Structures are given as structure tokens and as C-alpha cells.
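Visitor: Take this structure, written in C-alpha cells, and hold onto it; I'll ask about it next.
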Amino acid sequence: MIIVMDHLANDEQINAVLARLEKAGFLIHLSAGVERTIIGAIGDKTHLKDMSLEAMPGVEKVVPILQPYKLASRAFHEEGTIIRVGGLEIGGDTVHVIAGPCAVESRDQLLVTAKTVKQAGATLLRGGAFKPRTSPYAFQGLEEEGLKLLAEAREATGLLIVTEVMDVRTLPMVAEYADILQIGARNMQNFFLLREMAKVDKPVLLKRGSSATFEEWLMAAEYIMAGGNYNVILCERGIRSFENYTRNTLDLSAVPVVKHLSHLPVIVDPSHATGRWRFVPAMSKAALAAGADGLIIEVHPNPPEALCDGPQSLTPDNFCSLMSNLKQLAAVLGRKLP
Ligand code: PEP
Ligand code: MN
């Protein structure tokens, strides 16, 4: 449930409510908003017995959260959450573009891409060092060598690093190098991994599973938040449908729907959603128009030679022209690109 404090409530009144909830065994998450303080209390309401919280001084109302996700719900945090990382704000007026290759392949490939996307206006660099490949015979990533190259690219360009963590064993290593940790679609319901993400002091980019409902996706975010990491960015990357011309079907409704249900920032991955570079610009623009807080786009200096996801990767030239279109579009939408 949520205890909405009156906008005039003082610290003493807030502390009295907290003390009562703690005594009754509730897990407490405090959200001090601009207007008022909201207390999220998770636990068994029968423990409150007949003590009426609503009668306590300073309490405006007590609202049950009907959704199974609590901390991720909009009811818990009326304003949209802004995630601050390395001087950037994700979820604010500025739309951030994360760009880079599907996989880190070599020093040259990564540095050339990083410099190009930085110049075009991207603020974060993507690149997988551990790749979740459908085939065990496909390129699996450079692992720690790839992470070192990402760190070198950050040093050279100032771009922040987004990279995927695939399992609990390699999480400490990936967390040492990354600025934002990506949980891939295939791991969205790897609950042990989600619980570990809760203990890391880094934002998590949580991709939607390819057949996950909004509720399942938000429950995955709840796992991370319940363990204490509130910095979750949701990423729509297309879902499975009967259509197979595109790799997945981009569910653009995810942006307004999830923003309605949740306060977390939502970004869109048009590359994995379409699987074809030709359609990436149109879906990037559509995502921005739908209200996305950012995009994650695959860019490769030589897509035909890419070890992973070449068909959906933009060339540097195509990426640059997309970025200039996105800047104009953002202005019309009352947002901006850095
Ligand atoms: C990726 O971003 O490279 C990736 C594997 O994405 P997804 O988990 O969405 O398939
Ligand atoms: Mn990819």
C-alpha cells in the first residue's frame, strides 16, 4: 500500500508513520517528492490490526496498490523517475541515444564506431562482450578483453558504457567496467540474476523478454527494485508475433502503456525489433514520437563483415543522418538531444 502524506506533514509525523509500519513488519520505501512524501509499505496488512493509519496526523490517504508490482508502479512515484549516471539524466527532457556495435569485435572496430557515434551526438556506447547467441557455434564475444576495449573507448570519447551481463558468475567483472548493465531479453526472467542486479550500484537497462507481457516485464523490474536498486531503465526491443518479415514486432504501445503503469524511463531498441537496418530510422523516429526517453541502436563500420547482427546495423553515415533527423524531431516534441 501507499501512504500519501499531507503536503504540510512534518518530519515528526512522517517518522511516527514509519515507526508504526516498521513495528508491524512492513518493508518501507520512502519517496520524497517535490509536492509531498509518499511511503511505500510492502507486507501483510493483517499485521496492522485495527490501527488505522488514516487517522494518524499528517496522513492524507492510504491507497492500496492493486498491481502486483509495487515499487515499479506509477502509484508509488507520481513523477517520472530520472536516472542520473555519469553526469547524464535519463528520463528527463533530454533524449539519449546509445549506439555501437552488437558485439565488440576488435580495438579498431570499436574505437572507430565510438568516435563516429560520439560525433553524431550519442552519449552512450553499446557493445556486447558476452553475447547471448542462439547457436553455440556463433561468435560468443571477447569477454574480458571486450570489456577492456569498452573502457578504452570510454577513455577516448567520454561516452558511457552499456554492456550486457549474462550471468551471476561474470556480473562482478562486467560491473567493474560498465556504467549501465544490460539484462538481455533472454534473461528478463532469470530471477537469480535479477536479485543480484539489486545489489549492484549501477543502473540496469532491462530489456523486455520476447514474449513477456507488460506485467511480467514490470515484475522483473520489481525484483531489482525490491532488493534496493531503483535505477532501472526499461527497454522495448520487439516481441514475437506471427510476422516473420521483421525479426520481431516492435510494440510501440509499450512506450505510452508502460509510462502510464510505471514511473521508470522507457527506451526503444529499433535494431533488434526490426532486424533490418532499412527500417531502423523510421522506427527510431516513431519511438521518439511515442514518448521514448532514449534509443539503443546498433552501428557497425562495415555491417556486411559484422560478426553479429550485421543486417540490422546502421553504417556510420546512415547513423549520422538519422541523428540529425532525430534532433529536428525532438525539438518539435518539446524534447532535445544533447
Ligand atoms: C543486444 O542488445 O545485443 C541483444 C542481444 O539484445 P536482446 O537481448 O534484446 O535480444
Ligand atoms: Mn545485437
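The values are calculated or read from the model by the stated rules, or taken from the named source; none is laboratory data. If you're wondering where the values come from, they're calculated on a predicted model, not measured in any experiment. Cβ sites come from the backbone with ideal geometry, for glycine too, and all protein chains shown count toward neighbours. For the accessible areas, the whole protein counts, side chains as well, though only heavy atoms, and no ligand, DNA or RNA atoms are used. Shrake-Rupley method; radii C 1.70, N 1.55, O 1.52, S 1.80 Å.
Visitor: Would you mind working out the accessible area per residue for the chain, using a 1.4 Å probe, and quoting it in Å²? Walk me through the numbers on the way to the answer.
Guide: Values: 15090 Å² over 338 residues.
That works out to 45 Å² for each residue.
Visitor: A further question on this structure: For region 23-119, what is the number of Lys pairs with C-alpha distance below 28 angstrom, counting only pairs 8 or more positions apart or on separate chains?
Guide: 9
Visitor: Let me ask something else about it. Run the helix sum for the chain: -39,500 (n - 2.57) per DSSP H stretch of 4+ residues, divided by residue count, reported at 222 nm to the nearest 500 deg cm²/dmol.
Guide: Result for the chain, helices only: -9500 deg cm²/dmol.
Visitor: Using +1 at the C-beta of Lys and Arg and -1 at the C-beta of Asp and Glu, which of N10, Y223, S135 has the Cα lying farthest in the positive direction of the dipole of the chain?
Guide: Of the candidates, S135 comes out farthest on the positive side.
Visitor: For M173 and H7, what does the FRET efficiency come to when R0 = 45 Å and r is the distance between their Cβ atoms, rounded to the nearest 0.05?
Guide: 0.45
Visitor: Taking a label point 7 Å from the Cα of E143 along the Cα→Cβ vector, which residues of region 81-111 have an amide N closer than 17 Å to it?
Guide: 104-106, by backbone N distance to the label point.
Visitor: Taking the Cα centre of each part, how many Å lie between region 240-285 and region 153-221?
Guide: Rounded to whole Å, the Cα centres lie 19 Å apart.
Visitor: Putting +1 on Lys and Arg Cβ atoms and -1 on Asp and Glu Cβ atoms, find which of A286, Q312, V232 reaches farthest to the positive end of the dipole of region 83-332.
Guide: A286
Visitor: Under a point spin-label approximation (7 Å from Cα along Cα-to-Cβ), what is the A289-N302 distance to one decimal in nm?
Guide: Result for the modelled spin labels: 3.7 nm.
Visitor: Mind grabbing the base-10 log of I(q)/I(0) for the chain at q = 0.07 Å⁻¹? Debye formula, identical points on the C-alpha positions, no solvent, two decimal places.
Guide: -0.31
Visitor: Based on the Cα gyration tensor of region 1-92, what are the three equivalent ellipsoid semi-axes, each the root of five times an eigenvalue, rounded to whole Å and given largest first?
Guide: Calculated on Cα positions only, the semi-axes equal 25, 16, 11 Å.
Visitor: Suppose R0 equals 22 Å; then what is the FRET efficiency for K327 and I82 from their Cβ-Cβ distance, rounded to the nearest 0.05?
Guide: Given R0 = 22 Å and the Cβ-Cβ separation, E is 0.55.
Visitor: Run the dipole for region 2-63 about the Cα centre, Lys and Arg Cβ at +1, Asp and Glu Cβ at -1, nothing else charged, and hand back the magnitude in debye, nearest 20.
Guide: Working: 6 positive and 9 negative charges, 39 e Å.
In debye, rounded to 20, region 2-63 gives about 180.
Visitor: Which residue, G294, G238, G86, has the most motion in a Gaussian network model of the chain that connects Cα atoms within less than 10 Å?
Guide: Checking each option, the largest mean-square fluctuation is seen for G86.
Visitor: Still on this model: Output needed: Cys residues of the chain lacking any neighbouring Cys C-beta below 4.7 Å, sorted by number.
Guide: That list is C235, C320.
Visitor: Place a point 7 Å from the Cα of D108 along the Cα-to-Cβ direction; which residues of region 134-156 have their backbone N under 14 Å from it?
Guide: none
Visitor: Short version: ³J(HN,Hα) in whole Hz for each residue of region 185-194, in order, from phi by Karplus 6.51 cos²θ - 1.76 cosθ + 1.60 (θ = phi - 60°), x for Gly and Pro, what are they?
Guide: These are the phi-based 3J(HN,Hα) values: 3, 5, 9, 4, 10, 8, 5, 5, 5, 4 Hz.
Visitor: Which one, P101, P256, P316, has the greatest fluctuation when you compute a Gaussian network model over the chain with C-alpha springs under 10 angstrom?
Guide: Result: P256 has the largest fluctuation of those listed.
Visitor: List every residue whose amide H lies under 5 Å from the amide H of I161, counting only residues 5 or more places away in sequence or on a different chain, with H placed 1.01 Å from N in the peptide plane.
Guide: L125, D179, I180
Visitor: Quick check: at a probe of 1.4 Å, how many percent of the accessible area of the chain sits on carbon and sulfur atoms?
Guide: Of the solvent-accessible surface of the chain, carbon and sulfur hold 53 percent.
Visitor: For the chain, give me the percentage of DSSP beta bridges that are antiparallel, rounded to the nearest 5 percent.
Guide: 40 percent
Visitor: While we're here: Using +1 on the beta carbon of Lys and Arg, -1 on that of Asp and Glu, and nothing else charged, what's the dipole of the chain about the Cα centre, debye to 20? Mind showing how you got there, number by number?
Guide: On the way: 34 positive and 38 negative charges, 117 e Å.
Taking the Cα centre of the chain as origin, the dipole is about 560 debye.
Visitor: Let me ask another. If a paramagnetic tag sat 7 Å from the Cα of E35 along the Cα-Cβ line, which residues of region 77-118 would have the backbone N under 15 Å from that point?
Guide: Hits in region 77-118 for E35 at 15 Å: 77-81.
Visitor: Please arrange K207, K259 by accessible surface area, largest first, computed with a 1.4 Å probe and ligands excluded.
Guide: K259, K207
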